[in-house]
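What follows is a set of notes on a single structure, which appears directly below.
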Amino acid sequence: KQWYQRRVAITAGDNRQVSQVELDACFSQPHLRHLILCSPTLLTLSEAVDLTHLRKLQRLQTLSLTGFIPGSLTNAGLGFISHLRNLSALQLGSCSDWEGEQFGLLRNLLNLKHLRLECGPPEPSVGLSSALIKLHQLTQLELILFPLHRTLHDVISQLPKLNLLNLAPIAANNEQLAGMNQIVLTLMKEGNIWCGEWGAVISAHKTCHNNTLIIPIIRSFVADSVLYKAASRRGQGDVLMINVSEAKMLLADSLPEHCVHSVYTLSKTTAHWVKMCH
C-alpha cells in the first residue's frame, strides 16, 4: 500500500485478494480525492467485500479499479458509481459481464472528463451509447478490448469537448472485427478529435511486425484508397487483411493533418491486456 494526502493507491501481485479491512480504510477518509486499486495480473475481492460504501466518498475525483477477475466488481456492487457526481476520471476493468444496468450507472457522472473501460461484454451494447450521450464534459474516451456498437457514430458527434479517442475493438471473428474497425476509422473523423489511437488484437504468442497481416477491414471502405490495390488480394469476401503500417496510413487519412495518431497491437489474455509494440 502507498498512502498520500487525499490519495490512496492499493497495488497487488499475483492471485491477490482484496479484503474489506483494506477498503474500510478508504471509506473512512471523507476528503479522499483519488482512489486507485489495481494489479499487473489479476485481483479478486473476498466474498465479504461490499463496495457500496464508496458512495460516501463524495469528493472523489479519480477512481480506477482495474485488473480484477471478471465478475468480481459487478458481484461486489457497482451502484455506488452513480452517486460519485464529482468524478472527473473513471477507469474500470473487467466489464465482460456488463449489461444495460451497469452502463446506465455512467449517465449521472455529468462532470466526467476521462472515461476508460476495459474488457467489455461479448456483444456490442447500445447501453454504452445511451450513457455516453449524457457526458457532455467528456474529453477523453478509451474503450480497450470492447465491442463497438454502430450507434457510437451518432454519439461521438454530439460530444463537443471530446478530443482523444483510444479504441481497441474485439469481436468473435474477422468479419465482425472488420466492421468494428470501420467504426473506429469513421469515429476518428467526428468532432474535434486531435489524438486518435487504434488498437489491434493479436494472438498472445504472436510477434508483431509491421508487415504482418493482422488487421481486418471492410473491403469497400478502402475502395478509393491507394491501399486498395496493394491489399485487394488479401483476405476473403468483403474482408481485407492489412498490416500495422497500412493501418497507420488509414488512420492518418481519417484524422485532420495536425492530429496525433498511432496504431498499436495488444495481446488478449483471460482478463487483461498488454501493449506489445507501436
Practice prompt. Scan the stretch 104-126 residue by residue and report those that are surrounded by fewer than 21 Cβ atoms within 10 Å (Cβ to Cβ) and in a helix (DSSP H, G or I).
Written response: Gly104, Leu105, Arg107, Asn108, Val126
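Going through Ile193, Ile217 one at a time, which residue ends up being assigned to a strand (DSSP E or B) and at pLDDT 80 or above?
Details: Ile193 fails: assigned to a strand (DSSP E or B).
The unique qualifying residue is Ile217.
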Worksheet entry | Qualifying position, being modelled with pLDDT under 95 and in contact with a His (Cβ under 9 Å, 6 or more places away or on another chain), among Glu101, Glu118 | Glu118
Practice prompt. List the number of the failed condition for Leu187; all other conditions in (1) open to solvent by less than 40 Å² (accessible area, probe 1.4 Å); (2) under 13 Å from the mean Cα position of the chain (by Cα) hold.
Written response: (2)
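Given the criteria within 21 Å of Asp238 (Cβ to Cβ) and open to solvent by 20 Å² or more (accessible area, probe 1.4 Å), does Ala172 qualify?
yes
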Worksheet entry | Set Ala204, Ala230, Ala247, Ala252: member being within 30 Å of Leu92 (Cα to Cα) and either assigned to a loop (DSSP other than H, G, I, E, B) or at pLDDT below 70 (or both) | Ala204
Worksheet entry | Tally of residues being under 18 Å from Ser88 (Cβ atoms) and open to solvent by 40 Å² or more (accessible area, probe 1.4 Å) across the stretch 132-155 | 4
Item to complete: Starting from the stretch 83-111, keep only residues that are touching a residue at least 12 places away in the same chain (Cβ under 8 Å), then list their pairs with residues that are of a type in the set (Phe, Trp, Tyr) whose Cβ atoms are within a distance under 7 Å, requiring at least 6 positions of separation or different chains.
Response: Gly93/Phe68; Ser94/Phe68
Practice prompt. Kindly provide the set of residues from the stretch 37-62 that are open to solvent by less than 50 Å² (accessible area, probe 1.4 Å) and modelled with pLDDT of 85 or more, ordered by number.
Written response: Leu54, Leu57, Leu60, Thr62
Discussion item. Please go through the stretch 78-91 and give me each residue that is closer than 16 Å to Arg55 by Cβ and either modelled with pLDDT of 90 or more or surrounded by fewer than 19 Cβ atoms within 10 Å (Cβ to Cβ) (or both), ordered by number.
Written reply: Gly79, Phe80, Ile81, Ser82, His83, Leu84, Arg85, Asn86, Leu87, Leu90
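The values are calculated or read from the model by the stated rules, or taken from the named source; none is laboratory data. Quick caveat, the model's predicted, so the values are computed rather than measured. Virtual Cβ from ideal backbone geometry, glycine too; neighbours counted across all protein chains shown. Heavy atoms of the whole protein, side chains included, go into the accessibility calculation; ligands, DNA and RNA do not. Shrake-Rupley method; radii C 1.70, N 1.55, O 1.52, S 1.80 Å.
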